[in-house]
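To start, the structure under review is shown below, and the notes come after it.
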Amino acid sequence: MSLFPFGKAALGILILAAFSGLWLAVHPVPEHKATLVYWTFAKPHYDSYKLILPKFEREHPGVTVDLELVSLQALAARMQSAMLANLDVPDLFEIEIGTAPTLFRGPAKDIGLLDLTTRVKTSGPSGQKSFYDRCVKARFVPYTHLGRIYGLPHDVHPMQLAYRRDIFEKYGIDPDKIKTWDDFINVGRKVTIPGSQYMIELSDSDSTSIEPLLFQRGGDYFDANGNVTFDNDIGVKTMCWFIPLVAGPHKIADSVGFFSQAETKGIEDGYMLSYLCPDWRTQSFEQNAGHVSGKMALMPLPAVTIGSRPTSTWGGTMVGITKHCKDPDLAWQLAMFLYQDKAGVNARYTLTNILPPVRDQWQMPIFHKTSAYWSGQKPGDTYIKLANLVPPRHSSPFVDTASSKLGEALVDSVRYYDTHGCPDSNDPHFVAFVRATLKSKADQVRAMIGRSPL
């Protein structure tokens, strides 16, 4: 009879666990020796911070900062597990806008981040405006949970259309005369050639494209109280309007995969004539589609109606301070330094084309340079004109799930539209299907929230 009754596999696991525990006891994870540890997932941010950190350390004798570049894919899970176990938790960290709310789960006492509300809204010396009042206020909304601010915005990300100026001119298209989406669609139907040329790049299979257009119309995944809203009237109308752009015999949009080699080829070949373009994406165009330098230009998003919002937003980053941090005051000073030091702001814009949320920084010359790539335009100026108009997007720990469910509703609605040959977006059967589909997907998110109270 075996001395270990549970089998050889279990015995092997036990032995491995014992040796692993012994190894960790002899070789404990070394503690950070730096005064502050800062994680970021973005290489351009890392590079710009690395450039200016020596200045911060000189201004704070004896202080050292350990700046680490961490994988975005692993960051949220690593942060959650590290905060729960109190292991290898940074003092400050940056995280992407769609992932950040997963760290806001639970009551305030269980959130592993410092509540920054008071610091953000406190006036500076001699009556200087608070950081909150100096920034585009809509950018605090994604990092606010139950009325409390847990993150500082790194950016604004106003959105325009990037378009092939040379092809527009060949067809006699004047972008200044395109005021609304109706104007845009009418032009698009004249120049779209099915299978070889489309007016705009939009996806028919995920929420990447429809999401900013939902925000533009005043829609959102959630309201300020965390209630699911993407199936309300705005959501239904947005979906019904969007589907004929990407489906059916009169579609004017196509997508070959965002940020792919096929997309780059499509840009250079003129397969798609315009693209949803937040500020950060201009850098992507410049780096990946160099052959169309001087042939590209920027224009505001067409408005839903005359006089309504001519922009939206896509993406974002926040910096948070963990409760693990032993010196929150010093951490706050570091965050303010990294986000406001002029050399850092210059370096970051040079590397990313990203407009900061602090409005007084927009006076800096770096944001007003002419670009040969963008046909002699000043991209910074064009985004600054739209920055104060970006729509808010509300936070929830379930925003990633909601985004996925909106994508599923899009796929189902496209399939219905194509299968049933709907005459237009106002077809009552189509509208009823979209409404029911969105409600079904939204109810799934509500059920998840109900099983995991905020």
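Only the coordinates and a few stated rules stand behind these numbers; no lab work does. Fair warning: this is a prediction, and the values are worked out from it, not measured in the lab. Every residue, glycine as well, gets a Cβ built from its backbone with ideal geometry; the counts of neighbours run over all protein chains shown.
Cβ neighbours within 10 Å, averaged per peptide: list 186-198, 212-224 in order, most packed at the top.
Answer by packing, highest mean first, reads 212-224, 186-198.
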Over segment 319-391, how many pairs of lysines fall under 23 Å by alpha carbon, counting only those 8 or more apart in sequence or from different chains? 5
Stretch gain in nm, segment residue 205-residue 122, where the contour uses 0.36 nm per residue and the Cα spacing is subtracted: 25.5 nm
Taking a ≥ b ≥ c as the square roots of the eigenvalues of the Cα gyration tensor, with a/c under 1.5 meaning rounded and otherwise prolate when a/b exceeds b/c and oblate if not, segment 47-151 is oblate
Per the charge dipole of the chain (beta-carbon charges, Lys/Arg positive, Asp/Glu negative, Cα centre), the residue among 245, 392, 328 reaching farthest to the positive end is 328
For segment 335-454, just the Cα atoms, rotate onto the principal axes and tell me the three extents in Å, largest first. 55, 42, 21
Charged-residue dipole, Cβ positions (Lys, Arg, Asp, Glu), segment 349-409 about Cα centre, Debye nearest 20: 160
With the crude spin-label approximation of a point 7 Å out along Cα→Cβ, what separation in nm comes out for residue 446 versus residue 134? 4.3
Quick one: length gained pulling residue 429 to residue 71 fully straight, 0.36 nm per residue minus the C-alpha distance? 124.3 nm
Normalised by the number of residues in the chain, what is the relative contact order in percent for Cα pairs under 8 Å and 6+ residues apart? 24
Using only Cα atoms, figure out Rg for the chain and give it as a multiple of 2.2 N^0.38 Å. 1.10
Along the positive direction of the dipole of the chain (beta-carbon charges: Lys, Arg +1; Asp, Glu -1; about the Cα centre), which of 227, 256, 123 reaches farthest? 123
Which Rg and Dmax, in Å, describe the Cα atoms of segment 180-308? 15.4, 47
What dipole magnitude, in Debye to the nearest 20, does segment 153-253 give about its Cα centre under +1 on Lys/Arg Cβ and -1 on Asp/Glu Cβ? 520
Over segment 162-311, what is the relative contact order in percent, taking alpha-carbon pairs closer than 8 angstrom and at least six residues apart? 37
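Can you give the helix-only mean residue ellipticity at 222 nm for the chain, where every DSSP H stretch with n ≥ 4 adds -39500 (n - 2.57) and the sum goes over all residues, rounded to the nearest 500 deg cm²/dmol?
Numbers: 16 runs with 196 residues, N = 454.
After summing the helix terms and dividing by the residues of the chain, the value is -13500 deg cm²/dmol.
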Mind checking which aspartates and glutamates have their Cα closer than 17 Å to the Cα of residue 237? Skip sequence neighbours fewer than 8 apart in that chain. 182, 204, 211, 220, 408, 412, 424, 427
Give me the net charge for the shell around residue 349: Cβ to Cβ below 14 angstrom, other residues only, Lys and Arg +1, Asp and Glu -1. -2
